[in-house]
1. Which one, Ile131, Ser147, Ala109, projects farthest toward the positive side of the charge dipole computed for the stretch 101-160 from Cβ point charges (K/R +1, D/E -1)?
2. Between Ile7 and Arg234, what length in nm is gained on full extension when 0.36 nm per residue of separation is reduced by their alpha carbon distance?
3. Can you tell me how much longer the chain between Glu138 and Glu107 gets when fully stretched, taken as 0.36 nm per residue apart minus their C-alpha distance, in nm with one decimal?
4. For the stretch 91-153, list log₁₀ I(q)/I(0) at each q in 0.18, 0.23, 0.26, 0.28 Å⁻¹, using the Debye formula over Cα point scatterers of equal strength and ignoring solvent, two decimals each.
5. Find the eigenvalues of the gyration tensor of the Cα atoms of the chain, then list the square roots of 5 times those eigenvalues as equivalent ellipsoid semi-axes, largest first, in whole angstrom.
6. Residues with beta-carbon under 11 Å from that of Ser261, excluding Ser261: net charge, scoring Lys, Arg +1 and Asp, Glu -1?
7. Please provide three numbers in whole Å: the alpha-carbon extents of the stretch 10-139 along the principal axes, with the largest listed first.
8. Can you give the accessible area of Trp176, probe radius 1.4 Å, in Å² rounded to 10?
Amino acid sequence: MSSAPAISIASLLDEAVRKLAASSDSPRLDAEVLLAHALGQPRSFLRAWPEKAPSAKYAQAFADLVARRAAGAPVAYLTGEREFFSLPLAVNPSVLIPRPETELLVELALERIALDADLQILDAGTGSGAIALAIARERPRCRVVASDVSFAALTIAKWNAGRLGLGDVAFVAGDWLAPFPARSFNLIVSNPPYVPDADPHLEQGDVRAEPRMALAAGTDGLDAIRIIARQAARCLRPGGSLILEHGHDQGEAVADILQRSGFRKLQAARDLGGQARAACGQM
Ligand code: GLN
C-alpha cells in the first residue's frame, strides 16, 4: 500500500483555514493552535518550519481536530487548555472556558487584598478554578476556598491547583455559599451564570458547547446573582466585600440587588472594552 504524499505545514494550514472559514471567526489562529497542539510544538515552530511535512500520524490527528472544530467544538476543549491571568489551565466541557474579561474580577480582588494579608477568600462557582487559583498565586498568605456544585468541575479545578503547585486552595462541593457558616469570609468573588435563558447568544458559536448551568440563570439572567448576594450578606465578615461579574446591560439591576441585600459602598467596574462588567459591594 502506498501512502499519500506528505504535505507541508504551510499547506496543511492553508487547507485547514479553508475548512474553518465558515464556522470560525479566527480560522488561521485556530488552525495554527490546533496544528501546534497535534505536533506537540509551540506555534513558533510552524513559522520556523513551514516546509516541513509532518508524518501521516500527525497529519491525521490534525485533520481530526479541524473536523471537530468545523463541527463547533471550541479550540480550548480540543487542546484541553486555556490561559487565564498567565496561568495555563486545563479545561474540558464540564467547565466554562475562562474569558479574558474575567481577569477584571481578579484585578478588583487584588486591589482589595494587601500583598501580605492573610484573608479568607471564596471563589463561588469556580469552574476550572481560574479566579481562585489566580488570587492564590498572587496572594500566597491568603486562605482561598473554591466552591462548585459540579463534581466534574471540582475535579478539573483540583487538578489545576495541583499542577500549578497551589495545593493550599481548598475545594468544597455545594450550591453557591450554602456550605459555609455565617461570617466565614473577608472577600467573596464570583463569575456566576448571568445570561437570560432565552438569549439567542446561547445558540451561537462556542457557548453552545459550554455547560448551560455555568452560563444561563433564569428569565432575566439574574437568578444566581440574587442567591449569591443574599448568601454573601450572611457569609461575609463585617467590612467584607463581594465582587460579581455580570452582563454589560445588568449593572443597574445588580446594584439594586446588592443594595437590597444590605451591601453598601457599591462600585461598578468596566472591562478593557469599556463595558460594564462587574459590581462590588461591602457589608
Ligand atoms: N460572558 C459570558 C458569555 O458571553 C457568560 C459568562 C457567564 O455567564 N458567567 O458567554
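The values are calculated or read from the model by the stated rules, or taken from the named source; none is laboratory data. Remember, predicted model here, so these are calculated numbers, not experimental data. Note that each Cβ is placed from the backbone with ideal geometry, even for glycine, and that neighbours are counted across all protein chains shown. To get the accessible areas, we keep the full protein, side chains included, count just its heavy atoms, and leave off ligands, DNA and RNA. Shrake-Rupley method; radii C 1.70, N 1.55, O 1.52, S 1.80 Å.
1. Comparing the listed Cα positions along the dipole, Ser147 ranks first.
2. Values: separation 227, 0.36 × 227 = 81.72 nm, distance 6.18 nm.
Contour length minus the Cα-Cα distance gives 75.5 nm.
3. Numbers: separation 31, 0.36 × 31 = 11.16 nm, distance 1.02 nm.
Taking 0.36 nm per residue and subtracting the Cα distance, the gain is 10.1 nm.
4. Reported log10 I(q)/I(0), two decimals: -0.63, -0.94, -1.12, -1.22.
5. Numbers: eigenvalues 316, 82, 48 Å².
Those come to 40, 20, 15 Å.
6. Values: positive: Arg226, Arg230, Arg234, Arg260, Arg264; negative: Asp256.
Taking every other residue near Ser261 into account, the sum is +4.
7. Per principal axis, max minus min of the Cα coordinates gives 53, 29, 23 Å.
8. Using a 1.4 Å probe on the heavy atoms, I get roughly 40 Å².
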